[in-house]
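Participant: Structure incoming, see below.
The values are calculated or read from the model by the stated rules, or taken from the named source; none is laboratory data. Only a predicted model underlies this, so the values are computations on that prediction, with no experimental measurement involved. Note: accessible area is taken over every heavy atom of the protein model, side chains too, but ligands, DNA and RNA are not part of it. Shrake-Rupley method; radii C 1.70, N 1.55, O 1.52, S 1.80 Å.
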Amino acid sequence: TLSEILAAEAVSCLNRAMAALRDIWEEIGIPEEQRLERTEVVKKHIKNLLDMMVAEEECLRERLLKSIALCRKELDILCRELQLDTIEVEEDTTILQMEKNLRTHVEVLLKQKRDRKLELKTLQEQDQYLCNILCTTAFCIDSNAVPSREDLDRYRQHLASLAAEKEQRREEFTSNKRRIILLMEELDHTPDTTFEQDVVCEDEEAFCLSKDNLAALQGLLQQLEARQSLNEAVCAELRSRIIALWERLQVPEEERKASAVH
């Protein structure tokens, strides 16, 4: 293999270096005893360098094994939090590849967890907005736990139902408000209660669309309609009496028309 070839080249480089050193020492005239000492020094340098390199690679191996253990543990926790089946990782592979595979799985599940928590937060904000308008209680869900896909689906369906309810109530409120304002104008009635003032004057978006408020609104509309009906009945009675008096007094048609304007 290529690594074996490179290792052989490293040994060859070492042999050539040692041969060159021996030639230099011989040319200089260094005694054999000192040559042995110098050779020993070279050997120690090389051994220290190789020992250091081996130690570094052993440290790398330990870091990878520790990372594998941590990733396995974190993967199990994430699977439980996300309510997923345990992820099986291929065992028949190198330490380096296994560590990479596990770390990739962890990153994918962490993103799922972040996405679900973020969606939950967004749904809760929408829920709070709708609850404030409709005066209803919030959807029951554990804010601290990671929601399952089914939980999020149910939450979205719940909010869709609330949004439809809000639109239906808003339409009812708008229709009744329009009718109430017209009746107040016809009856020359000035809003004299806080509720009436809220209905007529307050911004429609700020009006609480609770069932109690809509019931009160319906009650106000019925009161005004009853007053209108009563006034119409009184007016009809008065008109009948006026016509009868015109007949008895033989009031001319021109004078009747002039009075009829009022």
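Participant: Limiting things to C-alpha atoms, what are the Rg and the maximum Cα-Cα separation (Dmax) for the range 183-260, in angstroms?
Facilitator: 19.7, 59
Participant: Could I ask something else about it? Quick one: length gained pulling Leu36 to Thr1 fully straight, 0.36 nm per residue minus the C-alpha distance?
Facilitator: 9.1 nm
Participant: Tell me, what % of the accessible area of the chain is carbon and sulfur with a 1.4 angstrom probe? Mind dumping the intermediate values first?
Facilitator: On the way: 10290 of 18810 Å².
The computed percentage sits at 55.
Participant: I would also like to ask the following. In a Gaussian network model over the chain where Cα atoms closer than 10 Å are linked, find which of Asp153, Asp127, Asp92 has the largest mean-square fluctuation.
Facilitator: Top of the fluctuation ranking is Asp92.
Participant: Given the options Thr104, Thr39, Thr86, which has the most mean-square fluctuation in a GNM of the chain, springs set between C-alpha atoms less than 10 angstrom apart?
Facilitator: It is Thr39.
Participant: With a ≥ b ≥ c the root eigenvalues of the C-alpha gyration tensor of the range 1-64, is it rounded (a/c under 1.5), prolate (a/b larger than b/c) or oblate? Kindly include the intermediate steps, with their values, before the conclusion.
Facilitator: Values: a/c = 5.76, a/b = 1.92, b/c = 3.00.
Oblate, because a/c is 1.5 or more while a/b does not exceed b/c.
Participant: Can you pick out the pairs among Lys73/Lys117; Lys66/Lys113; Lys44/Lys100 whose Cα atoms lie more than 32 Å from each other? If you can, show how the numbers build up before the last one.
Facilitator: Working: Lys73/Lys117 21 Å; Lys66/Lys113 24 Å; Lys44/Lys100 37 Å.
In this structure, Lys44/Lys100 lie more than 32 Å apart at Cα.
Participant: Using Cα springs under 10 Å in a Gaussian network model of the chain, which residue among Asn213, Asn15, Asn48 shows the largest mean-square fluctuation?
Facilitator: Asn15
Participant: If you don't mind, another one. Just need the relative contact order of the range 155-262 here, percent rounded to a whole number, with Cα pairs under 8 Å and 6+ apart. Let's see the in-between values first.
Facilitator: Details: 32 pairs, mean separation 31.2, N = 108.
Relative contact order for the range 155-262 comes out at 29 percent.
Participant: Moving on. Probe of 1.4 angstrom, ligands and nucleic acids ignored: what's the accessible area per residue over the range 148-261, in square angstrom? Don't skip to the end; give the middle numbers.
Facilitator: Values: 7710 Å² over 114 residues.
So the range 148-261 comes to 68 Å² accessible per residue, rounded to a whole number.
Participant: Tell me, Kirkwood radius of the chain from alpha-carbon pair distances, in Å? Show your work: numbers first, answer last.
Facilitator: Numbers: mean 1/r = 0.0345 Å⁻¹.
Taking the inverse mean of 1/r over all distinct Cα pairs, the chain comes out at 29.0 Å.
Participant: I need to check one value: relative contact order of the chain, counting alpha carbon pairs closer than 8 Å and at least 6 residues apart, in percent. Could the numbers behind the result be given before it?
Facilitator: Working: 118 pairs, mean separation 34.9, N = 262.
This gives 13 percent for the chain.
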